[in-house]
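S.K.: For reference, the structure I am asking about is given below.
Quick note: the coordinates plus some simple rules give every number you see, no bench work behind them. What you are looking at is a predicted structure, and each value in this text was computed from that prediction instead of being measured. Note that we place each Cβ from the backbone using ideal geometry, even for glycine, and neighbour counts take in every protein chain shown.
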Amino acid sequence: MNASTARVAVAFGGPSPEHDVSVLTGLQAAHELSRARRDVTALYWSKTAEWFRVDPSLEAADFVEGVPRRAEGLRLVTGGDGAGFVPAAGRMGRARPLAVDAVVNCCHGGPGEDGTLQAALDLAGVAYTGPGVASAALGMDKLSFAGVVHDAGLPALARVLLGPDGAGVDFPGPYIVKPRFGGSSIGIDVVEDLATAVARLGANRQLRRGAVLEPFRPELFDLNIAVRAWPRPELSAVERPLRSASGAEILGYADKYVGGEGMASAPRELPADLPTDVVSSLRDMARRVIDVALVRGVARIDFLSDGRDLFVNEVNTVPGSLARYLWVEPAVPFLDLLDAMVDEALNVPASAHSAAGADGTVLRSAGGIAGKLA
Amino acid sequence: MTVAPAAVAGNAGTAGRILLVTGAGGGLTGGGDHLLRALVVTACAAAIAAAGLRWLRVAQREHYLPGSAWRFALRWWGSTVPVNLAGATVAVAGMVLATWWPAAALATAVVVGAGPLGLSVRGRTSPLAWTRRLRTLAAISAALAVAAVAGATVAGEGPLVAAQVALLAPLVVDVACVLSGPLERRLAGAHVARAAARLARVAPRVVAITGSYGKTSTKGYVAHLVGGAMSVVASPASFNNRAGLARAVNEHLADGTDVFVAEMGTYGPGEIAQLCSWIHPDVAVITAIGPVHLERFGSEDRIVAAKSEILTAAPCAVLVVDDPRLAALADRSPGTTRVWRVSGRDPGADVAVIEHGDGLAVAVRGEQIASAVAVEARPGNVAAAVAVALELGVAPDEVARRLPTLPTAPHRLDRSVGGGGVVVLDDTYNANPAGARAALATLERLGRDAGRRVVVTPGMVELGRLQADANAAFARAAGAVATHLVVVGWTNRRDLLRGAGTAADTPGPARTVTVRTRQQATAWVRDHLGQGDVVLYENDLPDHYP
């Protein structure tokens, strides 16, 4: 079996602040696969975390009010023979799971990108594209990722945990306050001093699960590159996304997603106009990140730069529009990108659960638990 | 052999007999008569199908309230549209004549099939949507019609009864609405039960907002002011009844939501109490009382009573006391309810939002938290939203920080520059007299130096007995401000023209233009207006109105 014969299900939506952008990415992928006459199913994950099979030819407008018409309810069942996406309407025991060889994960942010969905699919025995549990969880935790990058000897800006007392911050303001967990730029604030940063902890709900603090350097701009590990490690052109004219301090969520068909239509300079040595050192770093961040599928690595120095900022393991618009040099058509992801999903399992070694020795020698406790 | 006319109908089902049909201008063979009758019944059946779809669409637009199809049928066939009144006369005459002369029912079939001119089967602004509920209703309606016509055909009265059913097609839809009621309540009950369970599990704090107008704006303001500090889910605007709110909870209320803002609409007494029986608001807001849906309520006092149902269930109430009836409600509320009296005028209110030249000033119990907030928003609604945010525990400086970026809802007197440099004021979402007066004031302010100031409006509906006078009064006020009044459609044409006529004694009275549809109105604007002109689109009626 390969990508052109596999039965593919595109999953999108999800209980995430990026639900709507994910719908766009998912529909782009589903439409592309349908155009190529692939056997494609669309799996919509609602904001309230219910699964539905929907028509892959639906448009974004069909999702504005919620679950689209004629959506068929599904349950994601883990473990055992009946595991997978099972029609909810079928009588218990009778309903067979949908015939799906691989799920194309287009869920951005939240449980679709932080390892939760990946874990559920692993347990259900369903192959999928994109990051596995560990890669997803690492990419979603800005503090852990910065630590891993730093330990790998790659340059990064200072990034520290922001506690309610503001302790441990050894660099001066102004600062950027970011949610520790979460994708995109949602919930990011620029503040002048530490006291204001600490005050944001109470006022900004995005920071409730933890916040990190970085120095704010207005001269830095974003540089993005897409990477993939399959069929061989490969890098896209380098992109310099452009901010809207409104004078925003950082590249915001609205700049990226509002008023177009997702990331694919945001303003940008591609390839970025940079000195060749900067480009080549960025590419070297990106290649290192592929291993460090356990990249699977297509990931987008975001750097910050002043035009000379480079800092690894973060990795997006399920990037908007699957970063298809970045593959101009080398040119990789969207369908080829999807096919490679599906082939990787079929050939490289995201997880390898093993019970080897649990041969009963421990159990046999344990004796009676009740006896020990008595 | 000849038979008396009365026997003709009675024996029509018997094949092979030679009958004389009086009034048909001569004798017909039995076979010919059969053919004619079959033809007439078939034509009527086709007309019933076409008419049925039309009135199903109207029923859908009118929330499946029994009686609405018939009410709209009277409006469409009645005196508002002259050509349709003539058609209705022909159709009724055909049905009456069919008692003696079956072929006359063909006239009924043609008129009913063609329908009242202007009411299309599929609809443009509000197309027929084949939802599960509509399919049920269509099946019941079809069954009723088929049973009546088939029964009558067996009894030999096919053409006459088919013509009667064609004429009464809207009533058939209404009866189907009544019959499907118990089923629909049961089905909706399952969704509501699921939603209630979900609400209990997610356990957000619930803000319920009602009011004759301003609830959608206020809901948006609350979501914005609270959204930074807490995760907020607001019900979509069109989801403001039992089924809609159940859907909003089931499909939008994600786990971990801190605050759910529910917009509650009401079309009759008891409805909001029912909603509160499973939504359980923590904070209840009433924005305003006005004569909206008066047609269904009967009196404004009953509207106040229906809206105040929202208060009985909530431990905290936010009332915009600029309306004396809401001020009275605040005075009457039980001591166990914490009441926020908020105002867009009175600096002494718990939250006062006062409009100054440089924007809004916001004070909480006399202490100013923000000033010069440059947003185009009704102060009373902003005050209500601020009170809700504070009640939910958002810090006053966070509220102040977010006030300047309040979202102005689309269609709420949106200003833009259209083709040819015409300034367009879009108030098409508004449907109440107070809002219409405010829009006229804006037109006057912005259009002071304009060449032409034009008001395009189909008038307001659902105002019951007040509707005729409210539209006349609006047209009179518009006539004093505008240079041209473009009256759209037939629904309120007479009253609008009457009102505009009485404005004739004001300086430079408006000229009136009448068009049938919104498209024709925009075409008129394109053809006649240009740089420096201002046009106000006031209200828009869906195309199931004449």
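S.K.: Averaged across the residues of B:246-254, what count of C-beta atoms belonging to other chains lies within 10 Å of each residue's C-beta?
M.R.: On the way: counts 0, 3, 2, 1, 6, 7, 7, 3, 10.
Partner Cβ neighbours, averaged per residue: 4.
S.K.: Turning to a different aspect of this structure: If you keep only loop residues by DSSP, which GluC sites (Glu not before Pro) in the stretch A:1-77 have at most 13 other Cβ atoms within 10 Å of their Cβ? Don't skip to the answer; put the middle values down first.
M.R.: Values: sites: A:Glu18, A:Glu32, A:Glu50, A:Glu59, A:Glu65, A:Glu72; in loops: A:Glu18, A:Glu50, A:Glu59, A:Glu65.
Taking the stretch A:1-77 and a limit of 13 other Cβ atoms within 10 Å, the loop GluC sites (Glu not before Pro) found are A:Glu59.
S.K.: Ratio of alpha-carbon Rg to the 2.2 N^0.38 Å globular estimate for chain B, to two decimals, please.
M.R.: Numbers: Rg = 28.1 Å, N = 546, 2.2 N^0.38 = 24.1 Å.
Relative to the rule-of-thumb radius for its length, chain B sits at 1.16.
S.K.: With 29 Å as the limit, write out which pairs from A:Lys142/B:Lys219; A:Lys47/A:Lys178; A:Lys178/B:Lys215 have Cα-Cα distances beyond it, or answer none. Working shown, then result.
M.R.: Working: A:Lys142/B:Lys219 34 Å; A:Lys47/A:Lys178 24 Å; A:Lys178/B:Lys215 34 Å.
In this structure, A:Lys142/B:Lys219; A:Lys178/B:Lys215 lie more than 29 Å apart at Cα.
S.K.: Rounded to the nearest 0.05, what FRET efficiency do A:Thr196 and A:Glu269 have when you use their Cβ-Cβ distance and R0 = 35 Å?
M.R.: Computed FRET efficiency for A:Thr196 and A:Glu269 comes out at 0.60.
S.K.: Next question, about the same structure. Among B:Thr99, A:Pro319, B:Leu485, pick out the residue whose Cα is farthest towards the positive end of the charge dipole of the protein assembly as shown, where Lys and Arg carry +1 and Asp and Glu carry -1 on C-beta, about the Cα centre.
M.R.: Highest projection toward the positive end goes to B:Thr99.
S.K.: Compare the Cα positions of B:Val207, B:Ala188, B:Val304 along the charge dipole of chain B (+1 at Cβ of Lys, Arg; -1 at Cβ of Asp, Glu; about the Cα centre) and return the one farthest towards the positive end.
M.R.: My answer, from the dipole projection, is B:Ala188.
S.K.: Can you compute the helix-only [θ] at 222 nm over chain B? Use -39500 (n - 2.57) per DSSP H run of at least 4 residues, normalise by all residues, nearest 500 deg cm²/dmol.
M.R.: -16000 deg cm²/dmol
S.K.: For chain A, state what percent of all Cα-Cα pairs lands in each successive 10 Å bin, counting from 0 Å until the bin that includes the largest distance.
M.R.: Percent of Cα pairs in each bin: 5, 23, 31, 22, 13, 5, 1, 0.
S.K.: Moving to a separate point now. Please determine, in degrees from 0 to 90 and to the nearest 10, the orientation of helix A:194-203 with respect to the longest principal axis defined by the Cα atoms of chain A, where the helix direction is its Cα long axis.
M.R.: The answer is roughly 30 degrees.
S.K.: Turning to a different aspect of this structure: Helix A:142-151: angle to the longest alpha-carbon principal axis of chain A, degrees 0 to 90, nearest 10?
M.R.: Helix A:142-151 and the main axis of chain A meet at about 70 degrees.
S.K.: Right, next: Taking a virtual spin label 7 Å from the Cα of B:Arg448 along the C-beta vector, which residues in the stretch B:339-366 bring their backbone nitrogen under 20 Å of it?
M.R.: B:355-360
S.K.: Shifting gears a bit: At q = 0.16, 0.22, 0.23 Å⁻¹, what log₁₀ I(q)/I(0) does a Debye calculation on the Cα points of the stretch B:414-538 give, no solvent, two decimals?
M.R.: Summing over Cα pairs of the stretch B:414-538 leads to -0.68, -1.34, -1.47.
S.K.: Classify the stretch A:7-128 as rounded, prolate or oblate, taking a ≥ b ≥ c as the square roots of the eigenvalues of its Cα gyration tensor: rounded when a/c is under 1.5, otherwise prolate if a/b is larger than b/c and oblate if not. Can you show the working numbers first?
M.R.: Values: a/c = 1.41, a/b = 1.28, b/c = 1.10.
Note, shape of the stretch A:7-128 comes out rounded.
S.K.: Would you please classify the overall shape of the stretch B:273-353 from the alpha carbon gyration tensor, given that a ≥ b ≥ c denote the square roots of the eigenvalues, rounded means a/c under 1.5, and beyond that prolate means a/b larger than b/c while oblate covers the rest?
M.R.: Details: a/c = 2.06, a/b = 1.15, b/c = 1.79.
Oblate is the answer for the stretch B:273-353, as a/c is 1.5 or above yet b/c matches or exceeds a/b.
S.K.: Rounded to the nearest Å, what's the spacing between the alpha carbon centres of the stretch B:189-221 and the stretch A:273-349? Just the number, please.
M.R.: 43 Å
S.K.: Counting Lys and Arg as +1 and Asp and Glu as -1, each charge on the Cβ, what is the dipole of the stretch A:41-182 about the Cα centre in debye, to the nearest 20? Mind showing how you got there, number by number?
M.R.: Values: 12 positive and 15 negative charges, 77 e Å.
Computed charge dipole of the stretch A:41-182: roughly 360 debye.
S.K.: In the stretch A:158-216, if the dipole is taken from +1 on Lys/Arg beta carbons and -1 on Asp/Glu beta carbons about the Cα centre, which of A:Pro179, A:Leu213, A:Gly166 is farthest to the positive end?
M.R.: A:Pro179
S.K.: Using a Förster distance of 45 angstrom, determine the FRET efficiency expected from the C-beta separation of B:Ala93 and B:His191, and round it to 0.05.
M.R.: 0.40
S.K.: Give the separation of the Cα centroids, the stretch B:33-53 to the stretch B:108-163, in Å.
M.R.: 11 Å
S.K.: If you take the Cα atoms of the protein assembly as shown, find Rg, then find the Kirkwood Rh from the mean of 1/r over all pairs, what is Rg/Rh? Provide the component values of the computation, followed by the final result.
M.R.: On the way: Rg = 33.5 Å, Rh = 32.2 Å.
On the Cα set of the protein assembly as shown, Rg over Rh gives 1.04.
S.K.: A follow-up question, please. Starting from the Cα of B:Thr337, step 7 Å along the direction of its Cβ; do the same at A:Leu242; then give the gap between the two resulting points in nm.
M.R.: Reported label-point gap for B:Thr337 and A:Leu242 is 5.6 nm.
S.K.: Right, here's the next one. Enter the mean number of other protein chain beta carbons within 10 Å of the beta carbon of each residue in A:41-50, as an integer. Can you show the working numbers first?
M.R.: Numbers: counts 0, 0, 0, 0, 0, 4, 8, 11, 2, 2.
Per-residue shielding by partner chains comes out at 3.
S.K.: Find the relative contact order for the stretch A:1-154 and round it to a whole percent, using C-alpha pairs within less than 8 Å whose residues are 6+ positions apart. Write out the running numbers ahead of the final one.
M.R.: Numbers: 295 pairs, mean separation 35.8, N = 154.
Relative CO of the stretch A:1-154 lands at 23 percent.
S.K.: How much length is gained on full extension from B:Val146 to B:Leu183, taking 0.36 nm per residue of separation minus their Cα-Cα distance?
M.R.: Numbers: separation 37, 0.36 × 37 = 13.32 nm, distance 2.13 nm.
Length difference between fully extended and current span is 11.2 nm.
S.K.: Contour minus end-to-end for B:Leu85 and B:Gln519, with contour as 0.36 nm per residue of separation and end-to-end as the Cα-Cα distance? Present the calculation step by step, with values, prior to reporting the outcome.
M.R.: Details: separation 434, 0.36 × 434 = 156.24 nm, distance 2.38 nm.
Taking 0.36 nm per residue and subtracting the Cα distance, the gain is 153.9 nm.
S.K.: If you fit an axis through the alpha-carbon atoms of helix A:276-292 and take the longest principal axis of the Cα set of chain A, what angle between them do you get, 0 to 90°, nearest 10?
M.R.: It works out to around 30 degrees.
S.K.: Which of the helices in chain B meet the span-like rule: DSSP H, Cα axial reach of 30 Å or more, Kyte-Doolittle mean at least -0.5?
M.R.: Working: long enough: B:30-61 (46 Å, 0.73); B:132-154 (33 Å, 1.24); B:169-202 (46 Å, 0.75).
Going by DSSP H runs, the hits are B:30-61, B:132-154, B:169-202.
S.K.: How long is the stretch A:262-338 along each principal axis, judged by its Cα atoms, biggest number first, in Å?
M.R.: 34, 28, 21
S.K.: Might you report the magnitude of the Cβ-based charge dipole of the protein assembly as shown about its Cα centre, with Lys and Arg at +1 and Asp and Glu at -1, to the nearest 20 debye? List each step's numbers first, then the result.
M.R.: Details: 86 positive and 86 negative charges, 648 e Å.
Dipole of the protein assembly as shown, to the nearest 20 debye: 3120 debye.
S.K.: Could I ask something else about it? Can you list the aspartates and glutamates whose alpha carbon is less than 19 Å from that of B:Lys307, not counting same-chain residues fewer than 8 positions off?
M.R.: Cross-link targets: B:Glu263, B:Glu271, B:Asp282, B:Glu295, B:Asp322, B:Asp323, B:Asp331, B:Glu462.
S.K.: Right, here's the next one. Would you please classify the overall shape of the stretch B:214-356 from the alpha carbon gyration tensor, given that a ≥ b ≥ c denote the square roots of the eigenvalues, rounded means a/c under 1.5, and beyond that prolate means a/b larger than b/c while oblate covers the rest? All intermediate terms of the calculation are to be shown ahead of the outcome.
M.R.: Working: a/c = 1.62, a/b = 1.15, b/c = 1.41.
In terms of gyration-tensor shape, oblate.
S.K.: In whole Å, how far is the Cα centre of the stretch B:320-378 from that of the stretch A:194-230?
M.R.: Here the two parts' Cα centres lie 37 Å apart.
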